[in-house]
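Undergrad: My structure is below; once you've seen it, I'll send some questions.
Values in this text are rule-based calculations from the coordinates and carry no lab data. Since the model is a prediction, treat every value here as computed from it, not as a measurement. Positions of Cβ are generated from backbone atoms using ideal geometry, with glycine treated the same way; all protein chains shown enter the neighbour counts.
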Amino acid sequence: MPDAKISPSSVPVGVDTTRASIARVYDAFLGGKDNFEIDREVLRQVATVAPQVTDLAWSNRNFLVRACRFLAGQAGITQYLDCGSGLPTAENTHQIVQRLQPTAKVLYVDNDPVVLAHGRALLEENDQTLFVAADIFKPSEVLDHPEVRKFLDFSQPIALIHNGTMHHYLGDDGPEVIKQYTDALVAGSYVVLSHFLDPQTPEHAKTARALEERFTHSPMGSGLFRTFDDIRAMFGELEMVDPGLTLCDEWWPDGPRVKPLSQIEECIAGGVARKA
């Protein structure tokens, strides 16, 4: 496994076609076109142990959509700090929340030059949305960034989004990383977080371990499947919004479930929490 002290985010890939990029791999998993052969190789390698592996990306994306609708529509949040935004796709955070809160501000943080170029081009006519370059696994780098401080009002509630990011953080101090962010937020703020999951059940643990082995030994080099307890610890003392930390597909699904979850959909969890 790669050095647990170094996160892939610390080494931006940009347009290097010989190295897989987290953002481009995620784009490939969603069926996008902004990826290279090296990124698609990650998809192929992981698919050898789980042909339905793209379910991970879609479960993650659909959870984000529902969580953002809740934050904008029910919680009335008008400021969003989206860490590790990735390449723009359909239904980005700003599109979801600004549909319900037209004046909502969304600040995206990433350090991949390709992501920043795509994002800034897409949002050049949206003055309520901003892209900033920083390492999301170094909270002080994000929180002390002058553009972040100018764009967001930290005296008012903010929704912190770490959707599908922390499983690429290879250290054991993930809870401390998130705590550094939440310590900077006022009461009434929220945290959205999703993460690859090892359900620790006989029928799914083997799949989770096989997926982790493929991800961490692929050209991308990261993708840890942590347990419910490990992921729950990242929310610290925040108040979990019902139904708490659960499978992404089980977090307020759109309507009744008409088909069982796939093994892959059982291996990603998410939750939303509020700072009291």
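Undergrad: To the nearest 500 deg cm²/dmol, what mean residue ellipticity at 222 nm is calculated for the chain from DSSP H runs of n ≥ 4 alone, each contributing -39,500 (n - 2.57), summed and divided by the residues?
TA: Dividing the helical sum by the residues of the chain leaves -10500 deg cm²/dmol.
Undergrad: What are the lysines whose alpha-carbon lies under 29 Å from the alpha-carbon of K206, with same-chain residues fewer than 8 places away excluded?
TA: Once the sequence-local lysines are set aside, what remains near K206 is K5, K259.
Undergrad: Could I ask something else about it? I want the antiparallel fraction of DSSP beta bridges within the chain, as a percent rounded to 5.
TA: 35 percent
Undergrad: Also: How large is the Rg to Rh ratio of the range 217-276 when both quantities use alpha carbon positions and Rh follows Kirkwood?
TA: Checking Rg against Rh, the ratio lands at 1.04.
Undergrad: Through the Karplus equation 6.51 cos²θ - 1.76 cosθ + 1.60, θ set to phi - 60°, convert the phi angles of the range 131-140 into ³J(HN,Hα) values in whole Hz; use x for Gly and Pro.
TA: Once θ is set to phi - 60°, the couplings for the range 131-140 become 10, 10, 8, 6, 8, 5, 8, 10, x, 5 Hz.
Undergrad: Could I ask something else about it? Take S262, S155, S140, S218 and order them by how many other Cβ atoms sit within 10 Å, fewest up front.
TA: S155, S140, S262, S218
Undergrad: Would you pull out the residues with amide H under 5 Å of A159's amide H, same chain only if 5 or more places away, H placed 1.01 Å from N?
TA: Long-range HN contacts for A159: Q79, Y80, L81, Y190.
Undergrad: Please grab the % of Cα pairs in the range 29-72 that end up more than 16 Å from each other.
TA: 48 percent
Undergrad: What number comes out for the charge environment of T78, summing +1 per Lys or Arg and -1 per Asp or Glu over other residues with Cβ under 11 Å away?
TA: Here the charged neighbours net out to 0.
Undergrad: Hey, what D do you get for the chain in µm²/s if you plug the Kirkwood alpha-carbon radius into Stokes-Einstein at 37 °C and 0.692 mPa s?
TA: Translational D for this selection: 176 µm²/s.
Undergrad: Now a separate question. Can you check what the net charge comes to around P139, using other residues whose Cβ is under 11 Å from the Cβ of P139 (Lys, Arg +1; Asp, Glu -1)?
TA: Here the charged neighbours net out to -3.
Undergrad: Quick one, could you list the DSSP H helices from the chain stretching 18 Å or more along their long axis (Cα atoms) with average Kyte-Doolittle hydropathy of -0.5 or above?
TA: 54-73
Undergrad: Let me ask you something else. Can you pull the Kirkwood radius for the range 92-228, inverse mean 1/r over Cα pairs, to one decimal in Å?
TA: It works out to 16.7 Å.
Undergrad: Using alpha-carbon positions, what is the distance between the centroids of the range 69-104 and the range 235-265, in Å?
TA: Between the Cα centres of the range 69-104 and the range 235-265 lies a distance of 19 Å.
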